[in-house]
There are 2 protein chains.
Amino acid sequence: MNYAISLADIQAAARRIKGYVHRTPIMTCQTLDALAGRHLVFKPENLQKVGAFKARGAFNAVLSIKETSPETLTRGVITHSSGNHAQALALAARDSGCPANIIMPSNAPSVKKAAVRGYGATVHECEPTLEAREATADKVEKATGGVFIHPYNNPLIMAGQGTVALEMLEQAEEAGTPLDAVLIPVGGGGLLSGCTVAVKSLRPGVKVFAAEPKGADDTYTSLKSGEWVPSVKPDTVADGLLTSTGDLTFPIIRDKIDDIFVVDEEEIIRATKLVWERMKLVVEPSAAVTLAVALFNADFKRAAEGCKTVGIVFTGGNVDFERAVALFKTLEVPQ
Amino acid sequence: MNYAISLADIQAAARRIKGYVHRTPIMTCQTLDALAGRHLVFKPENLQKVGAFKARGAFNAVLSIKETSPETLTRGVITHSSGNHAQALALAARDSGCPANIIMPSNAPSVKKAAVRGYGATVHECEPTLEAREATADKVEKATGGVFIHPYNNPLIMAGQGTVALEMLEQAEEAGTPLDAVLIPVGGGGLLSGCTVAVKSLRPGVKVFAAEPKGADDTYTSLKSGEWVPSVKPDTVADGLLTSTGDLTFPIIRDKIDDIFVVDEEEIIRATKLVWERMKLVVEPSAAVTLAVALFNADFKRAAEGCKTVGIVFTGGNVDFERAVALFKTLEVPQ
């Protein structure tokens with residue numbers, strides 16, 4: 001079967017985005033190792049530009065278009081997103097000197113719209129439905145002649161996100177603790193598919209495990225039932241993982257990952273708080289779903305039995321502090 | 001004049017503590033560069049073990065005693081501190097297999113006592129006065145025969161903290177952005193004196209600037225008046241910077257730093273919030289006093305006019321999240 005991306009695409013992305021995005025460090029934490037019962041190597045992409053790994057895919061897409069079709073780029077890039085991809089694309093466009101048109105639902109928080117405008121992008125508001133988003137995107141595409149860049153179901157985005165795994169494998173080896181497995185969260189599957197291709201091409205013996213909230217377990221259900229299902233009425237604090245996988249991301253995930261595990265809301269909040277407290281990193285709940293699996297999921301512990309060192313991606317840190325602290329308080333034992 | 005430490009002591013400390021503490025990365029942030037009007041290279045010691053640079057001095061002290069007098073170490077180490085040094089010394093003792101006795105005021109938050117006990121140390125409570133602290137420390141010293149290790153007025157502690165500057169100079173040069181100046185906070189002066197010796201010995205042309213809260217400006221007053229004064233009734237959110245400098249730390253600071261600048265409470269809180277928001281790092285208010293100077297102090301801006309790249313140390317991240325978020329809310333414009 002032909003997949004949307006290969007290792008060569010990810011390696012090209014790595015060369016392309018070098019200097020435009022941060023090479024985030026890897027980090028370790030003895031306390032969390034003790035809780036997990038194995039060595040964890042963290043890749044904190046909350047320290048990435050715009051506070052999320054999404055900068056990688058967005059820069060790869062924009063810079064690639066700039067190489068192959070610079071005249072197209074002058075007409076700008078377009079996406080619909082109320083999350084980290086919107087900010088990432090806005091920044092990549094600004095740094096490449098091209099316009100960005102971002103379609104956002106009218107009910108998106110005003111701070112998110114302000115952040116996107118802060119990077120110089122034009123925000124187009126629409127009704128908060130998928131139909132309205134797509135119709136508005138079509139309209140803007142026709143009006144501007146710009147290029148629509150999907151948040152995850154796009155080979156350039158997938159290849160860009162795969163550079164997380166390239167770096168993590170290399171940095172863990174440099175540190176003398178090569179990875180036996182990686183744990184990656186799945187929403188639309190851009191990060192998971194990209195990282196899976198990187199890991200399975202370079203180090204086929206390294207296991208790829210996916211992590212998903214129980215409240216948005218469409219990929220878990222798809223893989224366990226053998227049939228793709230969409231995300232319907234997802235409900236989780238991990239609001240970066242609400243979307244369904246796409247026709248480019250899902251086949252890679254279905255065919256190549258080793259297993260997938262889910263965690264509940266309390267486990268996600270508990271893991272988020274541990275990262276703030278013990279690692280001094282501001283991460284959003286979506287980013288701690290992986291650690292929650294490593295700490296609390298018994299099936300994972302069985303599946304990863306031989307894995308001494310596990311690489312864990314923290315995806316982002318864009319969270320309202322007050323909301324996060326309110327979530328932490330829900331963990332306290334009631335009087 | 002003879003100073004308490006030399007470059008050789010700091011280099012020995014670096015060799016000694018390697019592998020026991022983290023080599024923290026350096027980080028950069030375009031948004032903060034734009035606000036500061038120059039390139040800032042951050043050394044996030046909140047990502048250090050126990051969440052603060054204090055791990056460096058504590059490990060250097062304990063490991064050094066282990067080398068020179070292992071039989072002394074079996075009788076343990078002692079300190080009085082309710083802050084990061086207590087946890088750091090407890091961890092260093094545990095990792096070296098020796099007892100730690102920590103004197104803490106009876107009104108210290110129970111979470112701080114629990115954290116110290118969590119590292120296996122014995123906590124001795126005393127009345128919350130300097131006299132009671134010192135009397136209790138004397139008693140424990142006589143009873144155990146252990147070694148008292150002052151939080152900052154100790155050459156081994158000062159040399160350990162100086163390794164922050166060794167790394168920062170080297171990492172900034174590796175990144176192709178050598179430092180023109182460093183900005184270091186001052187409380188008791190352990191970090192500032194150690195870093196000053198490192199910087200002025202290795203790169204005499206690099207300026208050393210100190211940062212202090214207006215509400216605890218004893219070092220500022222001492223340097224501007226030419227006469228050492230103690231810290232009397234300090235009052236600031238930067239609760240890691242309340243103490244007076246010591247007779248070992250002050251002479252280095254007095255003779256070798258280039259200048260010192262103060263910032264008010266609102267500036268400290270504003271800088272703290274920027275680090276959380278823009279760098280996704282949990283830092284305590286004391287840690288952001290340096291950034292507050294870089295962003296808001298007009299005298300600093302004049303003094304650092306020729307300094308293209310300034311290295312900034314974030315000292316620690318041990319803060320109650322609810323308290324931090326409550327401080328951030330004080331910045332909001334009243335309705």
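The values are calculated or read from the model by the stated rules, or taken from the named source; none is laboratory data. What you are looking at is a predicted structure, and each value in this text was computed from that prediction instead of being measured. As a convention, Cβ positions derive from the backbone with ideal geometry for all residues, glycine included, and neighbour counts pool all protein chains shown.
Within the range A:278-299, being among the small types (G, A, S) and within 14 Å of chain B (Cβ to nearest Cβ) holds for A:S286, A:A287, A:A288.
Of all residues in the range A:249-277 being more than 27 Å from B:V283 (Cβ to Cβ) and among the basic types (K, R), which is farthest from the other protein chains (Cβ to nearest Cβ)? Filtering the range A:249-277 for residues that are more than 27 Å from B:V283 (Cβ to Cβ) and among the basic types (K, R), the one farthest from the other protein chains (Cβ to nearest Cβ) comes out as A:R254.
Here is the figure for the range A:65-91: residues that are surrounded by 24 or more Cβ atoms within 10 Å (Cβ to Cβ) and farther than 26 Å from A:N318 by Cβ total 0.
Listed by first and then second residue, the pairs with beta-carbon distance under 9 Å, at least 6 apart or on different chains, first residue in the range B:237-252 and closer than 13 Å to B:I5 by Cβ, second aromatic (F, W, Y) and buried (at least 24 other Cβ atoms within 10 Å of the Cβ), are B:G246/B:Y152; B:L248/B:Y152; B:T249/B:Y152.
Would you confirm whether or not the range A:53-67 contains a residue that is within 22 Å of A:L295 (Cβ to Cβ) and within 22 Å of the chain's Cα centre (by Cα)? So far as the range A:53-67 goes, yes, one or more of its residues are within 22 Å of A:L295 (Cβ to Cβ) and within 22 Å of the chain's Cα centre (by Cα).
Of the residues making up the range A:59-83, those that are touching a residue at least 60 places away in the same chain (Cβ under 8 Å), of a type in the set (G, A, S) and in contact with a helix residue (DSSP H, G or I) (Cβ under 7 Å, 6 or more places away or on another chain) are A:A61, A:S64, A:G76. Return yes when A:A159 is crowded, with 22+ Cβ neighbours inside 10 Å, at pLDDT 95 or above and of a type outside the set (F, W, Y) and no when it is not. Yes, satisfied.
Residue-wise test of (1) out of contact with any Asp or Glu (no Cβ under 8 Å at 6 or more places or on another chain); (2) assigned by TED's automatic domain parsing to the domain that holds B:L241; (3) in a helix (DSSP H, G or I); (4) buried (at least 22 other Cβ atoms within 10 Å of the Cβ).
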site: B:S193; (1), (2), (3), (4): yes, yes, yes, yes
site: B:T196; (1), (2), (3), (4): yes, yes, yes, yes
site: B:K200; (1), (2), (3), (4): yes, yes, yes, no
site: B:P204; (1), (2), (3), (4): yes, yes, no, no
site: B:V208; (1), (2), (3), (4): no, yes, no, yes
site: B:T219; (1), (2), (3), (4): no, yes, yes, yes
site: B:W228; (1), (2), (3), (4): yes, yes, no, no
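Name the residue that is nearest to B:A92 (Cα to Cα), counting only residues in the range A:12-36 that are among the small types (G, A, S) and either surrounded by 19 or more Cβ atoms within 10 Å (Cβ to Cβ) or in contact (Cβ under 8 Å) with a residue 40 or more places away in the chain (or both). Across the range A:12-36, the extreme among qualifying residues is A:A36. Checked against (1) within 11 Å of chain A (Cβ to nearest Cβ); (2) free of Cβ contacts under 8 Å to residues at least 24 places away in the same chain; (3) within 25 Å of B:L191 (Cα to Cα), B:R302 meets all criteria but (1). Considering (1) more than 23 Å from B:A12 (Cβ to Cβ); (2) assigned to a loop (DSSP other than H, G, I, E, B), the lone condition that B:P151 does not fulfil carries the number (1). A count restricted to the range B:17-30 and to residues that are at pLDDT 95 or above, within 11 Å of chain A (Cβ to nearest Cβ) and not in a loop (DSSP other than H, G, I, E, B) stands at 1.
Under the condition of being within 14 Å of chain A (Cβ to nearest Cβ), β-branched (V, I, T), free of Cβ contacts under 8 Å to residues at least 60 places away in the same chain and outside any helix (DSSP H, G or I), the residues counted in the range B:305-335 number 1. For the range B:39-46, state whether one or more residues are farther than 30 Å from B:A172 by Cβ, surrounded by fewer than 20 Cβ atoms within 10 Å (Cβ to Cβ) and more than 20 Å from the chain's Cα centre (by Cα). No, the range B:39-46 has no match at all. Screening A:E277, A:E332, A:E267 for residues that are touching a Leu at 6+ places or on another chain (Cβ under 8 Å) and among the acidic types (D, E) leaves exactly one candidate, A:E267. All told, A:G246 meets the bar of being more than 14 Å from chain B (Cβ to nearest Cβ) and closer than 22 Å to A:A165 by Cβ.
Condition check: outside any helix (DSSP H, G or I), in contact with a Cys (Cβ under 6 Å, 6 or more places away or on another chain) and touching a residue at least 24 places away in the same chain (Cβ under 8 Å). Does A:I184 satisfy that? Considered against the rule, which asks whether it is outside any helix (DSSP H, G or I), in contact with a Cys (Cβ under 6 Å, 6 or more places away or on another chain) and touching a residue at least 24 places away in the same chain (Cβ under 8 Å), A:I184 comes out as yes.
Can you confirm whether the range B:54-62 contains a residue that is among the hydrophobic types (A, V, I, L, M, F, W, C), surrounded by fewer than 24 Cβ atoms within 10 Å (Cβ to Cβ) and outside the structural domain of B:S244 (by TED's automatic domain parsing)? The answer is no, given that none of the residues of the range B:54-62 is among the hydrophobic types (A, V, I, L, M, F, W, C), surrounded by fewer than 24 Cβ atoms within 10 Å (Cβ to Cβ) and outside the structural domain of B:S244 (by TED's automatic domain parsing).
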